[in-house]
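As structure tokens, the structure follows; a few thoughts come after it.
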Amino acid sequence: MLAQFRAWERPAQLALIIALVLMVVVLALGRIGPEEVREPALIGLFGLLIAVQVIVLWAKRGLVKPYTAAQRHYLAGNFEAASAILEQLRQAGKADFRALTLLGNTYRQQGALAESAAALREALALQPNHHFPLYGFGRTLLVMGRFAEAARAFEDALEAGGSPIGRLDAAEACFRMGAEEAARSYLAGVEITDEPHRRLMQVYLLHQLGMSEPPDAPLIQAGILYWEASAARFAGTPYGDILAADIRWLQARLKEM
């Protein structure tokens, strides 16, 4: 509570101190004051209690935990702001495995793959069997072109209780390294997802492995922007180059329709 109080704005700190002092005075009057002031003192004490609650709520209105603030930045695409907050936690020795995982994911989105891998390894050192850092590490390994290691990380994440959609990531990693039978096995257990970009990758891989028809025009148009942005973000990496080739295939497919 003291740490939170120190983070409050100065007017809120002063208001709370004044209210608490007044409460002490009113409480004293209510106990030892003349009979005629005791009832008004009790009424005043009740009012001060309400005032203290209002002051506390007002003071906390802008306080957001660093991890929550970083999450909001990440979801809004403000990756630099997110990594700045999380890096401060890390340098202060206050980053838990969730903060380190989010930091690793944030660095990956900025194309800083070595930094991403380092943060995710730190997270895994704290929680080696948690699906959250395992999955994040798999994504970074995938972008780095270390497909076999990525597939193992995704499998470990699934075994640790991660979302079944991770089978799609595992299938993609296997496909990228030429392990087509393993890719087929993973894809066979993937339910159709509603996310356009994931559904596009799913149908694209199924088609490339001879398991379905090619993606249709509406699906390509709905999901291709995400993969175009990913190819641009990871340009110059093995994964970025592969995605660029996928996008050319999808664009050619659109022209044929």
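The values are calculated or read from the model by the stated rules, or taken from the named source; none is laboratory data. This structure is a prediction, so every number in the text was calculated from the model and none was measured. Reconstructed Cβ throughout: ideal geometry from the backbone, glycine too, with neighbour counts over all protein chains shown.
Ile224: assigned to a helix (DSSP H, G or I), over 19 Å from Leu141 (Cα atoms) and of a type in the set (A, V, I, L, M, F, W, C), yes or no?
Criteria met by Ile224.
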Of the candidates Leu206, Leu168, the one satisfying the condition of being buried (at least 20 other Cβ atoms within 10 Å of the Cβ) and closer than 26 Å to Ala123 by Cβ is Leu168
Output the number of the condition that Glu195 fails; it satisfies all remaining conditions of (1) over 19 Å from Arg108 (Cα atoms); (2) buried (at least 16 other Cβ atoms within 10 Å of the Cβ). (2)
Across region 227-257, which residue is surrounded by the fewest Cβ atoms within 10 Å (Cβ to Cβ) among those that are among the polar types (S, T, N, Q) and part of a helix (DSSP H, G or I)? Gln251
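Here's the yes/no breakdown for (1) part of a loop (DSSP other than H, G, I, E, B); (2) at pLDDT below 95; (3) under 14 Å from the mean Cα position of the chain (by Cα):
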| site | (1), (2), (3) |
| --- | --- |
| Gln71 | no, yes, yes |
| Gly77 | yes, yes, yes |
| Leu100 | no, no, yes |
| Gly111 | yes, yes, no |
| Ala114 | no, no, no |
Would you call Gly236 within 19 Å of Arg146 (Cα to Cα) and in contact with a helix residue (DSSP H, G or I) (Cβ under 9 Å, 6 or more places away or on another chain)? no
Does any residue of region 196-206 turn out to be more than 27 Å from the chain's Cα centre (by Cα), closer than 26 Å to Glu181 by Cβ and not hydroxyl-bearing (Ser, Thr, Tyr)? yes
Is it true that some residue in region 20-42 is under 30 Å from Asp96 (Cα atoms), touching a helix residue (DSSP H, G or I) at 6+ places or on another chain (Cβ under 7 Å), modelled with pLDDT of 75 or more and not charged (D, E, K, R)? no
Of (1) more than 18 Å from Arg108 (Cα to Cα); (2) surrounded by 22 or more Cβ atoms within 10 Å (Cβ to Cβ); (3) not charged (D, E, K, R), Ala173 satisfies every one except (1)
Reported set for region 200-218 where residues are touching a residue at least 12 places away in the same chain (Cβ under 8 Å), in a helix (DSSP H, G or I) and under 17 Å from Leu243 (Cα atoms) is Leu200, Met201, Gln202, Val203, Tyr204, Leu205, Leu206, Gln208
Of the residues Arg176, Arg199, Arg184, which single one is charged (D, E, K, R) and within 16 Å of Ala150 (Cβ to Cβ)? Arg176
Can you find a residue in region 143-151 that is surrounded by 18 or more Cβ atoms within 10 Å (Cβ to Cβ), among the hydrophobic types (A, V, I, L, M, F, W, C), part of a helix (DSSP H, G or I) and in contact (Cβ under 8 Å) with a residue 40 or more places away in the chain? yes
Phe97 passes all but one of (1) under 27 Å from Asp246 (Cβ atoms); (2) in contact with an Asp or Glu (Cβ under 9 Å, 6 or more places away or on another chain); (3) surrounded by fewer than 20 Cβ atoms within 10 Å (Cβ to Cβ); which number fails? (1)
Scanning region 209-226 for residues that are more than 23 Å from the chain's Cα centre (by Cα) and loosely packed, with under 15 Cβ neighbours inside 10 Å gives Gly210, Met211, Ser212, Glu213, Asp216, Ala217, Pro218, Gln221
State yes or no: is Leu187 in a helix (DSSP H, G or I), over 18 Å from Gln109 (Cβ atoms) and touching a Lys or Arg at 6+ places or on another chain (Cβ under 8 Å)? yes
